[in-house]
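Have a look at the structure below, then the notes.
Taken together, the values in this text are just the output of simple stated rules run on the coordinates, not laboratory data. Just so we're clear, the structure is a prediction, and the values are computed from it rather than from any experiment. Quick reminder, even Gly has a Cβ in these numbers, built from the backbone with ideal geometry, and neighbours come from all protein chains shown.
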Amino acid sequence: MQITSLTALALAAKLHSGECSVAEALDAHYAAIEQSECNCYTSLCKEEAYARAEEIQRRLNRGERLSPLAGVPVAVKDLICTKGARTTCASRMLRDFIPPYDATVTEKLNAADLIILGKTNMDEFAMGSTTETSCFGPTKNPKNPAHVPGGSSGGSAAAVAAHEAPVALGSDTGGSIRQPAAYCGCVGLKPTYGAVSRYGLIAYASSLDQIGPMARTTADCAALFDLIKGKDPRDSTSVENPGKPARPIQGLRVGVPYEFFGEGLQPETAGAVLAAKEKLAELGAVVEDLHLPASEYAVPTYYIIACAEACSNLSRYDGVKYGHSSPEAVNLRGTYIKSRSEGFGLEVKRRIMLGNFVLSSGYFDAYYKKALQARRLIQQAYFKAFERCDVILGPVAPTTAPKLGESLDDPLKMYLSDIYTVTVNIAGLPALSLPCGTDAEGLPIGMQLIGRPFEEATLLGAGGAFEEAQ
């Protein structure tokens, strides 16, 4: 039995039946991590993990009724706070930061008796699409180490794809769960904004950020999502998920926007997504083409709003309270300048400057205000589309995973690669990324299903039906 090849639910079944011990599951995954060259993790939580394994095993031996994923190892993106364990955002600014508290999702993982393996690599402060801006070095794609795993949750996606964790948590601000899931050939769910508490998530853009699960199957994604969702009094933007029931695939109305198949889309990616469209029709879905107006505003709208919020959120890293403080500074102004110059990487600095520019006097109305107006147009376009369909189908990214180094040389090209994902965050909708084929080099191609608010169950049900038919 190859423990690391098991899905999370299959592993849980073996743990609960006594066919495998929790310590053996940890041994297998830590061995896989140590043998890997993908650089998926920034730090490991071995000591605490084995202590928790011993406790959970005792409870299993006593026959206690535990959660469906009790004893299962999980990887956590390194911007989700873990009490007593380093949380760095893959930045020199927070390289030695140890939170004194847990994020709400971390508390929920612990309450459900999952075991945190360690913290996964990411783009610095979640700003990037390749996991190359990390101060810990780039993560490599397990399907082909010459290529990126995507970002910013590249470490989580690569860990799941490389069998270094059965499930993982990531965060999605403009596609940061879905795009790396597509590049690595796994499943990723970006929940409705507010469905999962952001308390303890180190903020990039607060109106866009959302924590979500990553796994090798839709069933595992659904199981992990069920454990972390729900209202949290410590996050005023969180809501009680009404848990709308899944709509059956038979008769499900699937809309396919013309705007998702325009210039820049790799022919192999277009072909794989259109083949998925036909497969859904074969399964009983009613598929139709439709227009999604305002899509052309997606990338500029997203980057103006995200960078504006980022420059505000990152202003707290000033070298005074916590985080990197320059030893060369001799006064307060020098502390600010030197600490931020040394602590932040190039991409983070670029986005802070862009954010300050669009919020500055004389440019606020021309850029930020117009971006907020465009945001409303994009939301309205989706709500109008959902009058005709239940789910929207499209590609996750225009191409498969680029080679290491290619995107850093052309930041604009990297930003444009988010064209199919950012509108979901702008509108606050749920979306599911899952594999639908490979290109000529064997690199995975991902498709995404976009749904109405709080209809994650419909997306997971449709994704599961497609998955079983493959």
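Observations on the structure shown:
- In loop segments of segment 359-428 as defined by DSSP, the trypsin sites (Lys or Arg not before Pro) with at most 14 further C-beta atoms inside 10 Å of their C-beta are Arg388.
- Of the GluC sites (Glu not before Pro) found in segment 238-344, those in coil by DSSP whose Cβ has at most 16 other Cβ atoms within 10 Å are Glu240, Glu263, Glu328.
- In Hz, Karplus ³J(HN,Hα) per residue of segment 81-96 (6.51, -1.76, 1.60; θ = phi - 60°; x = Gly, Pro): 5, 10, 4, x, 10, 3, 10, 10, 6, 6, 10, 4, 4, 10, 4, 10
- Note, ³J(HN,Hα) from phi for segment 112-119, Karplus 6.51, -1.76, 1.60, rounded to Hz, x at Gly and Pro: 8, 6, 7, 10, 6, 6, x, 9
- Computed over segment 296-388: relative contact order in percent, which uses C-alpha pairs under 8 Å that are six or more apart: 37 percent
- FRET efficiency for the Ala31 to Glu406 pair, using the beta carbon distance and R₀ = 35 Å, is estimated at 0.60.
- Each of Met214, Met93 has some number of other Cβ atoms within 10 Å of its Cβ, and from fewest to most they run Met93, Met214.
- Angstrom value of the Kirkwood radius, inverse mean 1/r, which spans all Cα pairs in the chain: 22.1 Å
- Put simply, the amide H of Gly118, placed in the peptide plane, has neighbours under 5 Å in Cys45, Val76, leaving out anything fewer than 5 places away on its chain.
- Centre separation in Å (Cα based) which lies between segment 33-79 and segment 342-408: 35 Å
- Rg/Rg_globular for segment 3-228, with Rg_globular taken as 2.2 N^0.38 Å and Rg from C-alpha atoms: 0.91
- Its Kirkwood hydrodynamic radius, worked out from the mean inverse distance over all distinct Cα pairs, puts segment 177-332 at 19.3 Å.
- Distant-in-sequence amide H partners of Lys229 (H built 1.01 Å from N, under 5 Å): none
- Length gained when the stretch Glu19-Arg376 is fully extended (0.36 nm per residue, less Cα-Cα span): 123.2 nm
- Selection of chymotrypsin sites (Phe, Trp or Tyr not before Pro), segment 1-72, meeting DSSP coil and at most 15 other Cβ within 10 Å: none
- Overall, segment 3-228 carries a charge dipole of about 260 debye about its Cα centre when +1 sits on the Cβ of Lys and Arg and -1 on the Cβ of Asp and Glu, all other atoms neutral.
- Segment 3-228 - share of DSSP beta bridges that are antiparallel (%, nearest 5): 60 percent
- The 3J(HN,Hα) values that the Karplus relation (6.51, -1.76, 1.60; θ = phi - 60°) gives for segment 143-156 are, in residue order, 6, 6, x, 7, 10, 7, x, x, x, 8, 8, x, x, 5 Hz. Gly and Pro appear as x.
- One chain, two ends: Glu288 and Ala366. Fully extended at 0.36 nm per residue, the span grows by 24.4 nm beyond their Cα-Cα distance.
- The DSSP beta bridges internal to the chain are antiparallel in roughly 65% of cases.
- Here segment 383-421 is scanned for amide nitrogen atoms under 18 Å from the site 7 Å beyond the Cα of Ala281 along Cα-to-Cβ, giving 389-395.
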